[in-house]
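Shown next, in structure tokens, is the structure this report addresses.
The values are calculated or read from the model by the stated rules, or taken from the named source; none is laboratory data. All figures in this text were calculated on a predicted structure; none of them were measured in a lab. Here the Cβ is made from the backbone with ideal geometry for all residues, glycine too, and neighbour counts use every protein chain on show. Quick note on the areas: whole protein, heavy atoms, side chains included, nothing else; ligands and nucleic acids left out. Shrake-Rupley method; radii C 1.70, N 1.55, O 1.52, S 1.80 Å.
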Amino acid sequence: MIKDFTKLETFLVVIKEKSFSKASAKLGISQPAVTQQIKFLEEQLDAKLIERKKNGVRLTKEGEEVYKIAQKIAKCIQNAEQELLKVINKEMTFILGASFTIGNYILPQIIGEIRKVIENDILIKVDVSEKIVDNVLDKKYDLGLIESPIFKDGLIYREWMEDELVLFSNTKLPRYVRTEDLYRFNWICREEGSHTRKLVAETFENLGVSCKKFNVISEVSSSTAVVNSVLRAPVDKEHPTVSIISRYAIEDELESGRLFEAKIKGEKIKRKFYICYLKERKNDPFLMKIVDLLLKFKK
């Protein structure tokens, strides 16, 4: 018979996610491996458990019975793990790495809820995405929240929030800006090598816009410096000072009317934020509790 819970866990995740591919991403294993584990389970039980449909998966009658049993086993394991954590009762500092936009503008809104779950000290390290990924791999950070998809072996990546980069100024702009208008603006840009700058440059290149022809008056190393530079720039309706930044970074200023945003005609600059952690910790109940909490804060 089945000697470990791995196959049943995979079965539960497939049902919860309603997809073999989504289960694959959550478990940090390949889709063929998910399929193989379900097949193994069905062979061991001599019963068809799951039927694949165009809109997801469906449990068979036997699958429904196995699902109920698997849920009971999972609950028992979870309760046992929680009891074990109480016995250990060790003090620890949870180290969370976050890229600049996430660490400066998103985490402050949810850090209180995270602290309640951790019930221990939490240290947030704000850095570029690549360094965060490396530190998670080196076990220096428990969890990473990144805005640049730097995928490396040994880690599980979960899609988290969607972010939009917007054009903004301290001068009211037209609702839609044409690509030719971009050349008459004064620009505050992120430094060479930043993910935001790379993404913006790629977008403009696809639109046939040459960033090299922009009137760049300053390059800065952080989103906070970008916002402050634009806020303090002279108001000039003919040649507005502009930049492009995550909308999360200027929500308050947009609401108060201190800054104004505009859309670039025919283009939206969007990106995904990701949660990343070590594959070897995918069954860590403490870590998974935090991941599940973060996933509830999807915007």
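Overview of results
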| item | result |
| --- | --- |
| Net length gained if the chain between GLU159 and GLU130 were fully extended (0.36 nm per residue, minus Cα distance) | 8.8 nm |
| Farthest toward positive dipole pole in region 1-71 [+1 Lys/Arg, -1 Asp/Glu at C-beta], among GLY28, LEU41, ALA70 | GLY28 |
| Dipole in debye (nearest 20) - region 149-254, about Cα centre, beta carbon charges: Lys, Arg +1; Asp, Glu -1 | 280 debye |
| Long-range tail of P(r) for region 16-175 (Cα pairs > 29 Å, %) | 43 percent |
| Separation of the LEU295 and ARG178 label points, Cα + 7 Å toward Cβ, nm | 4.7 nm |
| Among the listed pairs LYS26/LYS61; LYS131/LYS265; LYS131/LYS268; LYS140/LYS289; LYS7/LYS61; LYS16/LYS61, those beyond 23 Å (Cα-Cα) | LYS26/LYS61; LYS131/LYS265; LYS131/LYS268 |
| Amide H partners (placed H, <5 Å) of ILE50, local residues excluded | THR60 |
| Candidates per chymotrypsin sites (Phe, Trp or Tyr not before Pro) in region 142-251, loop by DSSP, up to 15 other Cβ within 10 Å | PHE151 |
| On Cα atoms only, tilt of 285-296 relative to the major axis of the chain in degrees | 50 degrees |
| Three-way shape call for region 181-240 based on the alpha-carbon gyration tensor, with the a/c threshold at 1.5 | oblate |
| Extension gain, CYS76 back to GLU255 (0.36 nm per residue minus Cα-Cα distance, nm) | 59.6 nm |
| Net length gained if the chain between ASN206 and ALA33 were fully extended (0.36 nm per residue, minus Cα distance) | 58.5 nm |
| DSSP beta bridges in the chain [antiparallel fraction, %, rounded to 5] | 55 percent |
| Cα-based helix-to-principal-axis angle, 61-88 vs the chain, degrees rounded to 10 | 70 degrees |
| Loop trypsin sites (Lys or Arg not before Pro), region 105-176, which have at most 11 other Cβ atoms in a 10 Å radius of their Cβ (DSSP) | LYS139, ARG175 |
| Debye, to nearest 20: dipole size of the chain, +1 on Lys, Arg Cβ, -1 on Asp, Glu Cβ | 760 debye |
| Cβ-derived FRET efficiency at R0 22 Å, SER218 paired with LYS265, nearest 0.05 | 0.30 |
| P(r) histogram, all alpha-carbon pairs of the chain included - 10 Å bins from 0, percent | 5, 23, 25, 21, 15, 8, 3, 0 |
| Rounded to whole Hz, the Karplus (6.51, -1.76, 1.60) HN-Hα couplings of region 115-131, x for glycine and proline | 4, 4, 6, 6, 6, 8, 5, 10, 10, 9, 10, 9, 7, 6, 4, 4, 5 |
| Ranked order, TYR67, TYR277 - accessible area, probe 1.4 Å, largest first | TYR67, TYR277 |
| The chain, helix-only ellipticity at 222 nm - DSSP H runs n ≥ 4, -39,500 (n - 2.57), divided by all residues, nearest 500 | -13000 deg cm²/dmol |
| Ranking by accessible area, most exposed first, for GLU255, GLU130, GLU205, GLU51 with a 1.4 Å probe | GLU255, GLU205, GLU130, GLU51 |
| Charge dipole (the chain, unit charges on Cβ, about Cα centre) - positive-most of THR179, ILE118, LEU167 | THR179 |
